[in-house]
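Right, one structure below, let's go through it.
The values are calculated or read from the model by the stated rules, or taken from the named source; none is laboratory data. Remember, it's a predicted structure, so these values are computed and weren't measured experimentally. Heads up, the Cβs are rebuilt from the backbone with ideal geometry, glycines too, and the neighbour counts pull from every protein chain shown. With ligands, DNA and RNA removed, areas are computed over all heavy atoms of the protein, side chains included. Shrake-Rupley method; radii C 1.70, N 1.55, O 1.52, S 1.80 Å.
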Amino acid sequence: MPKKLFSSMQVNDNNIINIYKCIYKEAEKEAHILDSITKAEKALNAKAFEHKQKEFVLEFLEECLYISSIIFKNEKFSNEQEIRLIFEQKESNFDSKLNIQYRLNNGIMIPYIEIDVNMKDIISSITIGPGNQEDIVLVGAQEFLIKNGIYIKSENIQSSIIPLRKAWNL
């Protein structure tokens, strides 16, 4: 299982948020997958093994692979040093107590859950993604930080070096 960056944050009795650092290097990705498979294989080969444990081991392996798929990124984005908050339900039952919100992004309805996180302890730098109006986004990010009492040195707020994708008319 990929290593958690910080301890888990308990949302309520059934839900946890874990924070993971994204993995960019192919060798590290392979090592995480092989480590998960090796741990599962050792558990399955144990002599005192019960059928219920087999299900648990397979669920563990499934969770490792799922989390890995979320935190693996292309090495070209390694300068971002991104972290991801992954919401996990302890039980498979849908928790109706959650206040699920929705936002529209490019015609796609995206569900999200608002949580309180002390950003002052987490954010040390910001990289603005490529876009058409990066200067406006940069000013907006700086105003957001000031409004929320998050102070970052101006040299730690920068534009991405990754070029903006262009749409080609064929």
Seminar exercise, completed: Heavy-atom accessible area with a 1.4 angstrom probe orders Phe56, Phe77, most exposed first, as Phe56, Phe77
For this session: Would you kindly find the accessible area of Leu58, with a 1.4 Å probe and non-protein molecules such as ligands, DNA and RNA excluded, rounding to the nearest 10 Å²?
Result: 90 Å²
For this session: At 7 Å along the Cα-to-beta-carbon direction for both Asn74 and Asn45, put a label point, then send me their distance in nm to one decimal.
Result: 3.8 nm
For this session: Between Glu155 and Gln53, with labels modelled 7 Å along Cα→Cβ, what's the label distance in nm to one decimal, could you check?
Result: 5.6 nm
For this session: Set the Förster distance to 22 Å, then compute FRET efficiency between Ala27 and Leu85 from the Cβ-Cβ distance, nearest 0.05.
Result: 0.30
